[in-house]
Ligand SMILES: Cc1cc2nc3c(=O)[nH]c(=O)nc-3n(C[C@H](O)[C@H](O)[C@H](O)COP(=O)(O)O)c2cc1C
């Protein structure tokens, strides 16, 4: 089974917690996963399956621990056609830039040729104060795609 690279973008810890939670669930099911909280471009270039879990900060911006990686991807524009990916976006629907970081990441990865494994999950923190719950349901629905 291919290793899953799980990269988080988080400022206040929520998205990171969701990443740890999904990683624990995958580990329990013997799905190999590496969690990375300060992603670098080589983490993406070396990955075959990427699960990106990011909140949104500023005005639709990437969290600080994810922004450098995404800037490098934009600048270097590597060919990611060997990469399969999915994005979990966490945001607050009171912002008109709701889930802006997750949406930008999905669009960037697709533009670089990466293949989507599952539709992006957008979690509204106002509706789901425990974002790990919808994330867990999404994983259960789509985990087969990560294991092929
Ligand atoms: C200063 C600030 C700016 C934010 N800007 C946005 C935004 O533009 N769009 C959005 O959907 N959510 C926005 N949020 C909401 C966060 O994405 C949300 O609270 C999320 O759960 C934080 O996740 P984290 O704990 O992983 O940082 C913002 C939150 C803060 C504190």
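Each reported figure results from applying straightforward, stated rules to the coordinates on display, with no laboratory input. If you're wondering where the values come from, they're calculated on a predicted model, not measured in any experiment. Positions of Cβ are backbone-derived with ideal geometry, glycine not excepted, and every protein chain shown enters the neighbour counts.
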Relative contact order in percent for the chain (Cα pairs under 8 Å, 6+ apart) equals 25
Across all Cα atoms of the chain, Rg and the largest Cα-Cα distance (Dmax), in Å, are 13.9, 40
Rounded to the nearest 5, the percent of antiparallel DSSP beta bridges in region 4-147 equals 5
Between residue 144 and residue 37, Cβ-based FRET efficiency (R0 30 Å, step 0.05) works out to 0.70
Most exposed to least, judged by fewest other Cβ atoms within 10 Å, 1, 70 sort to 1, 70
